[in-house]
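The values are calculated or read from the model by the stated rules, or taken from the named source; none is laboratory data. Since the model is a prediction, treat every value here as computed from it, not as a measurement. We place every Cβ from the backbone using ideal geometry, glycine too, and count neighbours over all the protein chains shown. These area figures cover heavy atoms from the full protein model, side chains too; ligands, DNA and RNA do not enter into them. Shrake-Rupley method; radii C 1.70, N 1.55, O 1.52, S 1.80 Å.
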Amino acid sequence: MLYDCIIIGGGPAGLSAALVLGRANRTVLLLDHHRPRNRFTTYSHGFLTRDGIEVEQFRQLAYEEIIHYPSVTIKNHEVIHARKNDQSFVIVTLDKEVYEGRKIVVSTGIRERLPQINGLAPLYGKSVHNCFYCDGWEQRGKKIAVLYDHLGSFHLIKLIHQITKQILVCTNGFSIDRRIRDQLLSKDILVIDYPIKELVGETGSLSTIIFTNGRTEKVDSLFVSPRWEHNGTILYGLGCKKDVNGRVVRDIHNRTTIFGVYATGDAAFISPSQVAIAVGDGSRTAITVSGDLANEDF
């Protein structure tokens, strides 16, 4: 079967694109390997009418809405290769299934590289967070530690200062500019320069940070800034160009430099987005795809 559009990736952007294209009466195949980036957390915030919804419940509701449209098919596959033919694209999955589509939307998201700190991984998404807008409200008034390991960490501290005045900055050996350090101290923000030896907590709840000099600090949560990398294998394998910052090049309608290939959601951003932003971007991408197909078919 030749699908009008194959969507690679079932995060919020891909799910949104599938819904809009289904409503446009287009034949759509959504390939989703069920490993969304937000699977480490329990709740999703900041999406109007769905604030605080469980991550898995959000996906279930999305699936129920999408399969209401008979032209949309959802399959549990991981895509490992895509190639362009004269008039279509051929998609190959890890288990050697092959599909063909006129257009492809890549919504494969990003990978996050967490700081290499003992004890961090089991706490991530529960009491170790990366997004102020996703998890800040729940930490208001508590004692929050911030890992200061790059220049953008200062802005994160400013945001957290809106919800609590109990802030501990852990440089983990990173050098902070004297001017910034003085600003932090003027706000009674404690700065500890010793590297972190270990994070201690049970059942996902961080309780103590242990430093290499033996010092310990009781905290309720820790905010970190992971390093983000695009899951760009499919996009760049097709020949899509990227800019000097590693972002895929696309026009204002989310078309990439390869005709028939579109990038949406975190797959198109260098920094992670809110669910609401990803959903909107997926909708915009689907409208572009629908319009391009209509122009070709008319």
Compute, for the chain, the length of the dipole vector about the Cα centre, with Cβ point charges of +1 (Lys, Arg) and -1 (Asp, Glu) only. Units Debye, rounded to 20. 680 debye
Asn213-Asp251 FRET efficiency (beta carbon distance; Förster radius 41 Å; 0.05 resolution): 0.20
Chain lengthening between Glu54 and His68 when straightened (0.36 nm per residue, less Cα-Cα): 2.9 nm
Let me know the Kirkwood hydrodynamic radius for the stretch 31-115, please, with Cα pairs as the basis and the value in Å to one decimal. 15.3 Å
Note to self, the chain gives a 222 nm [θ] from helices alone (DSSP H runs n ≥ 4, -39500 (n - 2.57) apiece, / all residues, nearest 500) of -7500 deg cm²/dmol
Taking Rg/Rh (Cα atoms, Kirkwood Rh) as the quantity of interest, determine which of (1) 0.94; (2) 1.04; (3) 0.97 was computed from the displayed structure. (2)
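What part of the accessible area of the stretch 110-182, given as a whole %, is carbon or sulfur when the probe is 1.4 angstrom? List each step's numbers first, then the result.
On the way: 1930 of 3660 Å².
Summing carbon and sulfur atoms, their accessible area is 53 percent of the total for the stretch 110-182.
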Residues whose modelled amide H sits under 5 Å from the amide H of Gly201, counting only those 5 or more places away in sequence or on another chain, are Ser207
Extend 7 Å from the Cα of His150 along its Cα-to-C-beta direction; within the stretch 223-252, residues with backbone N under 11 Å of that point are 225-229
Surpassing 23 Å at the alpha-carbon level, of the pairs Lys142/Lys187; Lys96/Lys242; Lys165/Lys197, are Lys96/Lys242; Lys165/Lys197
Quote to one decimal, in nm, the extra length available between Glu97 and His33 on full extension: 0.36 nm per residue of separation minus the C-alpha distance between them. 21.7 nm
Considering only C-alpha atoms, what is the centroid distance from the stretch 117-143 to the stretch 220-241, in Å? 20 Å
Amide H partners (placed H, <5 Å) of Val169, local residues excluded: Val146, Leu190, Val191, Ile192
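Using DSSP to call loops (not H, G, I, E or B), can you name the chymotrypsin sites (Phe, Trp or Tyr not before Pro) in the stretch 216-295 whose Cβ has at most 16 other Cβ atoms within 10 angstrom?
Values: sites: Phe223, Trp228, Tyr236, Phe259, Tyr262, Phe269; in loops: Phe259, Phe269.
Sparse-neighbourhood loop chymotrypsin sites (Phe, Trp or Tyr not before Pro): Phe259.
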Carbon and sulfur: what percent of the stretch 1-67's accessible surface (1.4 Å probe)? 52 percent
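Where only protein heavy atoms count, and the probe is 1.4 Å, what is the accessible area per residue for the stretch 214-286 in Å²? Each step should come with its number before you reach the end.
Working: 3240 Å² over 73 residues.
Using a 1.4 Å probe on heavy atoms only, each residue of the stretch 214-286 averages 44 Å².
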What list of ³J(HN,Hα) couplings, whole Hz, do you get for the stretch 12-24 from phi and the Karplus terms 6.51, -1.76, 1.60, once you set θ to phi - 60° and write x for glycine and proline? x, 5, x, 5, 5, 4, 5, 5, 5, 5, x, 5, 8
Say a site is exposed when it is one of the trypsin sites (Lys or Arg not before Pro), sits in a DSSP loop, and has at most 14 other Cβ atoms within 10 Å; what is then the longest site-free stretch of the chain? 1-95
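May I ask you to give the solvent-accessible area per residue for the stretch 1-95, in square angstrom, as obtained with a 1.4 angstrom probe?
Working: 4960 Å² over 95 residues.
For the stretch 1-95, the solvent-accessible area averages 52 Å² per residue.
What accessible area per residue comes out for the stretch 140-213, rounded to a whole number of Å², with a 1.4 Å probe?
Numbers: 3870 Å² over 74 residues.
Accessible area per residue, the stretch 140-213: 52 Å².
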